[in-house]
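Structure record follows, encoded as structure tokens.
The values are calculated or read from the model by the stated rules, or taken from the named source; none is laboratory data. On a predicted model such as this, the values are computed, not experimentally measured, just so you know. Cβ placement follows ideal geometry from the backbone for every residue including glycine, while neighbour counts extend to all protein chains displayed. Just the protein is used for accessible areas: all its heavy atoms, side chains included, with ligands, DNA and RNA removed. Shrake-Rupley method; radii C 1.70, N 1.55, O 1.52, S 1.80 Å.
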Amino acid sequence: MAVDGAYDCVAKTPMGDQKGVFTVVSSGDRFNGTFAGMMGSLDVVDGKVDGDTLTWKMEMTMPMPMTLECEAEVAGDAITGTMQLGAFGASAFNGTRRA
């Protein structure tokens, strides 16, 4: 699928830039994956694929529990999107698919 792969990402968060690897494995209009970074690994929950658009949630426990609501667009080997960080607002992220 066009969205599948591992992406080296940087998220602009209130705690500074957070680097990580976002992995996408799609199956029809759904996908599974993880975001593995400095804060550990977060699993994709309720991942959906609509063309080149991905929507999903992640349950963060550290440094505080919150549900991250995410949306991203894949264009070629680039991914750009936003994460809703509860009371902290939205953080933008972008990345590049690994070869």
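Worth pointing out:
- Structure remark: mean-square fluctuation, Gaussian network model of the chain, C-alpha springs under 10 Å; the largest value among GLY47, GLY86, GLY16 belongs to GLY16.
- Structure remark: mean-square fluctuation, Gaussian network model of the chain, C-alpha springs under 10 Å; the largest value among GLY28, GLY37, GLY81 belongs to GLY28.
- Over the chain, equivalent-ellipsoid semi-axes from the Cα gyration tensor in Å: 20, 14, 12
- Computed 3J(HN,Hα) for segment 16-25, one whole-Hz value per residue from the Karplus formula 6.51 cos²θ - 1.76 cosθ + 1.60 where θ = phi - 60°, is x, 5, 10, 8, x, 10, 9, 10, 10, 10, glycine and proline marked x.
- Here the relative contact order of the chain, from alpha carbon pairs under 8 Å that lie six or more residues apart, stands at 23 percent.
- Phi-based couplings in Hz for segment 80-97 (Karplus 6.51, -1.76, 1.60; Gly and Pro marked x): 9, x, 9, 10, 7, 9, x, 5, 8, x, 10, 10, 7, 9, 8, x, 10, 5
- Between ALA11, ALA72, ALA87, the residue with the greatest mean-square fluctuation in the GNM of the chain (Cα pairs under 10 Å linked by springs) is ALA87.
- Within the full protein context, the accessible area of SER41 is estimated at about 80 Å² for a probe radius of 1.4 Å.
- Residue-level accessible surface for VAL10, protein heavy atoms, 1.4 Å, Å²: 40 Å²
- R0 of 25 Å, Cβ-Cβ distance THR67-ASN94: FRET efficiency to nearest 0.05: 0.70
- Per-residue Karplus couplings for segment 70-76, computed as 6.51 cos²θ - 1.76 cosθ + 1.60 with θ equal to phi - 60°, are listed in order as 10, 9, 8, 10, 9, 10, x Hz, Gly and Pro entered as x.
- Solvent-accessible surface (1.4 angstrom probe) belonging to GLU71, in square angstrom, nearest 10: 100 Å²
- Surrounding net charge for VAL21, when Lys and Arg each add one and Asp and Glu each subtract one, Cβ distance under 15 Å: -2
- Close amide H partners of VAL44, meaning residues 5 or more places away or on another chain with modelled amide H under 5 Å apart, are GLY33, THR34, PHE35.
- Loop-located chymotrypsin sites (Phe, Trp or Tyr not before Pro) across the chain with a Cβ neighbour count of 11 or fewer within 10 Å are lacking, with loop assigned by DSSP.
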